[in-house]
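Okay, structure first, notes after.
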Amino acid sequence: MSRKVRRTVKFPYRGRGRVSVLVGLLSLLSLHCSTSTTGTHDTPDAGDPTGPDETTGDPKRLVGAFQVRSSPGDAPETPGSTSVFGKIYDGPTPSQLVWELAAEEGSCRLLTPRVPFCNEPCGGSAVCVEDDTCQPYPAAHSAGDVTATGLNLESGEAALVMKPTANNYQPPAGVKLAYPPADEGQTVRLEASGDYFAAFAVEAKGVSPIELLNDTIRIEPDAAVQLTWTPPGQAGISTLRVTLDISHHGGTKGMIECTAEDTGSLDLPASLVTQLLDLGVAGFPSIVVTREAVGSATIAPGRVDLVISSQVERPVEVAGLTSCNDSSQCPDGQTCQSDLTCQ
């Protein structure tokens, strides 16, 4: 009988910087990857269509996304950054992790990862998504030229056309977005002319830049984490997503994920914070706060999202934790460990 070998989940990042790991959705590659959360989300259909048809796809199956993302500068004199990227697949993208619901309170959830095990290796063309269940990787295809309107371009032009390059969508060379990339409440519309995938259109509203007002963010047992930010100018356009991950450099052990109304304040419950700390901590813990507006369109394989977002990532202080890249950053008598902590 085959012996099951449990694997540690690790991320390849080494060193301090902007680490946007596991943000609901928050780099595009993470956004279009379909993960299942036991008890909270439907497991994606592992269908393998051979081409588009005229039927309407399942809106629960995320098969593609276009992300218009901005991040404020680190200082008043530093301009914010913007990016646009999109990709569409012929099926959901499988994930090697299954995020399971461990606890829930209010608008926040504590999630813990599980790595499924397949006795028969899935090979390079598929992923083990449940025990002894492989799901093939989908293939990316073209939807023709995509014309975007409602974005702020440095040139002042009213529209930009993105052509598929290796089935990736990005602005043409030399075309730059202003900051912020869209005015708050402005309708951003993408129209795909059609190719392998049929023509479609999707819209979402622009959001105002997120401004997190916390000078420091400290977590400790039995204490809620109070977040405050500048409320949006227009209510009802955006939602607020928060991801608190304090162990990603040591093999992620869990995270707190919140989806809340964009009112200007949110408390991460003390009970969830305590449970997250009990799972373990690694060097350079961080929290990601994202203001976003999402629109969707349905094509034959499933759903395509347009996400307009403004995102900030901040370091998190944990009592007794000293983060490090090398031992010179540690107190006397301690050395820098593989999880980037001084011990």
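The values are calculated or read from the model by the stated rules, or taken from the named source; none is laboratory data. As the structure is a prediction and not an experimental result, all values here were calculated from the model. Here Cβ is always computed from backbone atoms with ideal geometry, including for glycine, and neighbour counts include all displayed protein chains.
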Exercise for review: Answer yes or no: is there a residue in the range 315-332 that is assigned to a strand (DSSP E or B), closer than 28 Å to Ala140 by Cβ and of a type in the set (A, V, I, L, M).
Suggested key: no
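Taking the condition among the small types (Gly, Ala, Ser), within 30 Å of Leu151 (Cβ to Cβ), more than 19 Å from the chain's Cα centre (by Cα) and in a strand (DSSP E or B), does Ala297 pass?
Here the answer is yes, as Ala297 does meet what is asked.
Taking the conditions exactly as written (under 20 Å from Pro79 (Cβ atoms) and modelled with pLDDT of 95 or more), does Asp222 satisfy them or not?
In short, no.
In this structure, is Ser208 within 25 Å of the chain's Cα centre (by Cα), part of a loop (DSSP other than H, G, I, E, B), polar (S, T, N, Q) and more than 30 Å from Pro285 (Cβ to Cβ)?
no
Pick from the range 91-130 the residues that are of a type in the set (Asp, Glu) and part of a strand (DSSP E or B): which of them is nearest to the chain's Cα centre (by Cα)? Walk me through how you get there before you give the answer.
If we filter the range 91-130 for residues that are of a type in the set (Asp, Glu), which is where we start, we get 100, 104-105, 120, 130.
If we keep only those that are part of a strand (DSSP E or B) as well, we get 100, 104-105, 130.
Details: Glu100: 17, Glu104: 20, Glu105: 21, Glu130: 22 Å.
Residue satisfying both the conditions and the ranking: Glu100.
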Review point. What number of residues within the range 127-160 are in contact (Cβ under 8 Å) with a residue 24 or more places away in the chain, of a type in the set (A, V, I, L, M, F, W, C) and within 20 Å of Trp99 (Cβ to Cβ)?
Key: 3
Point to revise | Scope the range 144-172; condition among the hydroxyl-bearing types (Ser, Thr, Tyr) and surrounded by fewer than 18 Cβ atoms within 10 Å (Cβ to Cβ); matching residues | key: Thr147, Thr149, Ser155, Thr165
Point to revise | In the range 217-266, the residues that are assigned to a strand (DSSP E or B), of a type in the set (A, V, I, L, M, F, W, C) and surrounded by fewer than 21 Cβ atoms within 10 Å (Cβ to Cβ) | key: Trp229, Ala260
Practice item. Determine whether the range 116-128 contains at least one residue that is within 27 Å of Val242 (Cα to Cα) and touching a strand residue (DSSP E or B) at 6+ places or on another chain (Cβ under 8 Å). Key: yes
Exercise for review: Starting from the range 52-78, take each residue that is under 9 Å from Pro301 (Cα atoms) and assigned to a loop (DSSP other than H, G, I, E, B) and list its partners that are of a type in the set (Phe, Trp, Tyr) and at pLDDT below 80, counting only C-beta distances under 6 angstrom and pairs at least six apart or across chains.
Suggested key: none
**Study point:** Residues that are touching a residue at least 40 places away in the same chain (Cβ under 8 Å) and of a type in the set (A, V, I, L, M), drawn from the range 230-267
**Key:** Ile237, Leu240, Val242, Leu244, Ile246, Met255, Ile256, Ala260, Leu266
Revision key, fill the gap. When every residue in the range 161-180 that is touching a residue at least 40 places away in the same chain (Cβ under 8 Å), assigned to a loop (DSSP other than H, G, I, E, B) and in contact with a Ser or Thr (Cβ under 7 Å, 6 or more places away or on another chain) is compared, the one farthest from Ser70 (Cα to Cα) is Asn167
